[in-house]
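Report on the structure given below.
The values are calculated or read from the model by the stated rules, or taken from the named source; none is laboratory data. All of these numbers come straight from a predicted model, not from anything done at the bench. Because the Cβ atoms are built from the backbone with ideal geometry, glycine has one as well, and the counts that use them run over all protein chains shown. Only protein heavy atoms, including side chains, enter the accessible area calculation; ligands, DNA and RNA are left aside. Shrake-Rupley method; radii C 1.70, N 1.55, O 1.52, S 1.80 Å.
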Amino acid sequence: MNINLTLIGQAIAFAGFVIFCMKFVWPPLITAMRERQATIAEGLAAAEQSAQAQEEAQAEVDTILSEARTQAAEIVSQAQKRGNDIVDEAKNTAISESDRLKSSAQSELAQEVVSARESLRQQVSSVAVSGAEKILKREVDANAHASILDDLIAKI
Amino acid sequence: MANPDSGHGELPTASEYIQHHLQNLTFGNHPEHGWSIAHGADQAKEMGFWAIHLDSMFWSIALGGIFCLLFWLGARRASAGVPGGLQNFCEMLVDFVDGSVKDTFSGQNKLIAPLALTIFVWVFLMNFMDLIPVDFIPEAAKRWFGIEYMKVVPTTDVNVTLGMSLSVFALIIYYSIKVKGGKGFLAELTLQPFSSDNKIIKYAFVPVNLLLEGVGLIAKPISLALRLFGNLYAGELIFILIALLPFYLQWALSIPWAIFHILVIVLQAFIFMMLTIVYLAMAHEHH
């Protein structure tokens, strides 16, 4: 329990250890801790930010998707309508074409009939003329008797 | 049995055993023998102030060295990445001390936190020597090195605790004057707690205030030193008394006391640190 030099020795040792701690222990440790704290805080903030960004992207995706869906439905309905139109048009075209073909065939037929009748008439008249020649044994003047022959042809 | 001096042939009495354990290894200038190691308490007393406790100094510096080495190794490769085991341990303590300092002291000071860390760990290590069975190291020192006296717990030496508390006291005075100026510090000592707007009454209060504040100021280092010393000295004494029991009975008392003492040594280290922070924080405050 004597107070002696130990007191001063201890004070000197104390000062030495405190200075050592202040120079070589405290600063690196506290710096490392502060840095790590900052890093962790940054990481957490980044995570939160990216989560928010992801949410935003998801929302965007949803809107784009629904837009695309409505567009697709529109396109389908348009296509259906267009298909129906095309079918109708084709039907109408076909009907008119068939009508046209039918009428042209009819007119051709009528023409053919007329021409056949004409040629038949010609033949009949020549046959009649040659028959009459044979009967009369003389040459009938075709010009003189043209009116008679025309009458005859018209009667056939 | 529990008696350490069995090698001598004759067994010491209980009081001799206790006194032997409470005697420091003292080196000093004896009026008759000159510079020598004291044999016994009387010679140590006769040496007066110019003597040094070799055992206290050795253990306190060794333990302080362990503290520095441990934390230097932990801090050497300190990085902001994933900390290793030792770095983690050091950071835990640094964080704890930093938190304690920040709770109490709001100003900017590069010294207080490392000071508090040094006090906490160093005092804890010195207190921790108390948990080593009382005869282990003294017996080993005697058998192998022929050292007669060996007190292994530096904080049971009042010189050690006073050395630290007076250093803290010096810092209190230094920061008081640095922050408030010599005038401000003097005003703090003389013009409160009693004060008056009347100048004559104000100066009449000066002696009273000086007495009150002076006692308060002086009490700081004294109480700081004696609290730590008293706790550890008492604890050590109990361990020595337990060591007087027959060896087959000692565990029944020494184990509970050691377990209780684990609390005491941490608590005392913490109190010393905390009060140092508080005193230095007060030194920074303006009134």
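Of note:
- Some residue of the range B:123-133 being farther than 20 Å from B:Asn24 by Cα, within 14 Å of chain A (Cβ to nearest Cβ) and surrounded by 13 or more Cβ atoms within 10 Å (Cβ to Cβ): yes
- Residues of the range B:193-225 satisfying the condition of being open to solvent by 50 Å² or more (accessible area, probe 1.4 Å) and in contact (Cβ under 8 Å) with a residue 40 or more places away in the chain: B:Ile222
- Taken together, the residues in the range B:216-253 that are farther than 23 Å from B:Met164 by Cβ and small (Gly, Ala, Ser) amount to 2.
- When residues of the range B:66-120 are limited to those that are part of a loop (DSSP other than H, G, I, E, B), under 17 Å from A:Val18 (Cα atoms) and modelled with pLDDT under 90, the one nearest to the other protein chains (Cβ to nearest Cβ): B:Lys110
- Some residue of the range A:39-52 being open to solvent by 50 Å² or more (accessible area, probe 1.4 Å), touching a Pro at 6+ places or on another chain (Cβ under 8 Å), in a helix (DSSP H, G or I) and facing another protein chain (nearest Cβ under 7 Å): no
- Within the range B:72-95, being touching a residue at least 12 places away in the same chain (Cβ under 8 Å) and either open to solvent by 80 Å² or more (accessible area, probe 1.4 Å) or under 22 Å from the mean Cα position of the chain (by Cα) (or both) holds for B:Phe89, B:Cys90, B:Leu93, B:Val94.
- Within the set B:Leu232, B:Leu263, B:Leu280, B:Leu228, the sole residue that is in a helix (DSSP H, G or I) and surrounded by fewer than 13 Cβ atoms within 10 Å (Cβ to Cβ) turns out to be B:Leu263.
- Sole residue being open to solvent by less than 70 Å² (accessible area, probe 1.4 Å) and among the basic types (Lys, Arg), chosen from A:Arg121, A:Arg69, A:Arg82, A:Arg117: A:Arg121
- Only one entry of B:Ile61, B:Ile52 meets the criterion of being touching a residue at least 12 places away in the same chain (Cβ under 8 Å) and under 29 Å from B:Leu237 (Cβ atoms), and that entry is B:Ile52.
- Every listed requirement among (1) within 30 Å of B:Asn109 (Cβ to Cβ); (2) open to solvent by 50 Å² or more (accessible area, probe 1.4 Å); (3) not aromatic (Phe, Trp, Tyr) is met by B:Gly181 save one, (2).
- Once the range B:243-258 is narrowed to residues that are without any contact (Cβ under 8 Å) to a residue 40 or more places away in the chain and touching a helix residue (DSSP H, G or I) at 6+ places or on another chain (Cβ under 7 Å), the residue that is least open to solvent (accessible area, probe 1.4 Å) is B:Trp257.
- A:Val18, sole failed condition from (1) open to solvent by less than 60 Å² (accessible area, probe 1.4 Å); (2) within 14 Å of another protein chain (Cβ to nearest Cβ); (3) farther than 30 Å from B:Ala234 by Cβ: (3)
- Residue match in the range B:155-171 (condition: open to solvent by 50 Å² or more (accessible area, probe 1.4 Å) and under 30 Å from B:Val278 (Cα atoms)): yes
- Condition met for B:Gly40 (within 13 Å of chain A (Cβ to nearest Cβ) and more than 22 Å from the chain's Cα centre (by Cα)): yes
- Selected residue (criterion: surrounded by the most Cβ atoms within 10 Å (Cβ to Cβ)) from residues of the range B:48-65 that are at the interface with chain A (Cβ under 7 Å from one of its Cβ atoms) and assigned to a helix (DSSP H, G or I): B:Ser60
- Set side by side, the residues A:Ile30, A:Ile3, A:Ile8 differ, and just one is loosely packed, with under 14 Cβ neighbours inside 10 Å, modelled with pLDDT under 95 and within 14 Å of chain B (Cβ to nearest Cβ), which is A:Ile3.
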